[in-house]
Structures are given as structure tokens and as C-alpha cells.
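Notes follow the structure.
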């Protein structure tokens, strides 16, 4: 798997607010844990709810700041979020774990 290409395409789907394409990057039983909202989102249904609420709902655009590839299954991303939220711009991170070329587990958090 070309991780750089995967991350680039994942961010394009996110920034285009294409929920169906965005979900294609996740395993059907993936878990997304976002401590900044205090919830875990499970499976495509949960991750779709998360994406629609916090990305589409806030017109959130995500820009990659730094990509640290730990190994073929784990990456750490530093990102910058801009959107229709009170701060207007926030830093954030994603820690992603891959299995079978899909995201199986993600931690998404804001940097304050």
C-alpha cells in the first residue's frame, strides 16, 4: 500500500465532503476514537455520523501538516482544521492503524 497516496486520497474525500468515498477508506468494523468529543464511533454507520456531524456540519477542511509513517500498519498525522467553528482554525492529530489496506482504528484529537 502506498501510504502517501492513501492519505492524500483520504483527505481529498474528506475535503470534498464525500461521505461514501470517505467511508471506503475504513474497514466496515473500524473504530474511530475522538477524545475531543468524548466518543468512540464504531463501524461505517458510526464513522459516517461522525463525519457528517463534525466535518460536513462544520464545513471542516483538513490540511496535512506532517505525516509520520511508523511502519506499514501505523501512521501519525498532524493536521490543521479550518471551518465554521468558533476558533476558525485548530490543530489536530490522527493516529491511524491499517489492516488489509483499510483503516481499522483511528484516534482523532484536537491540539489545544
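Of note:
- Given (1) within 23 Å of residue 82 (Cβ to Cβ); (2) surrounded by 17 or more Cβ atoms within 10 Å (Cβ to Cβ), number of the condition residue 58 does not satisfy: (2)
- Output for the range 30-49, where each listed residue is without any contact (Cβ under 8 Å) to a residue 24 or more places away in the chain and not in a strand (DSSP E or B): 37, 38, 43, 44, 45, 46, 49
- Of the residues in the range 64-79, not one is at positive phi and either assigned to a helix (DSSP H, G or I) or buried (at least 17 other Cβ atoms within 10 Å of the Cβ) (or both).
- Matching residues in the range 1-29 - criterion: being in contact with a helix residue (DSSP H, G or I) (Cβ under 8 Å, 6 or more places away or on another chain), in a loop (DSSP other than H, G, I, E, B) and touching a residue at least 60 places away in the same chain (Cβ under 8 Å): 25
- Residue count, the range 80-102 (criterion: touching a residue at least 60 places away in the same chain (Cβ under 8 Å) and surrounded by fewer than 14 Cβ atoms within 10 Å (Cβ to Cβ)): 3
- Every listed requirement among (1) in a helix (DSSP H, G or I); (2) within 15 Å of residue 110 (Cα to Cα); (3) over 13 Å from the mean Cα position of the chain (by Cα) is met by residue 54 save one, (3).
Only the coordinates and a few stated rules stand behind these numbers; no lab work does. In this text, all values refer to a predicted model and were calculated from it rather than measured experimentally. Using ideal geometry, Cβ is built from the backbone for each residue, glycine included, and neighbour counts are taken over all protein chains shown.
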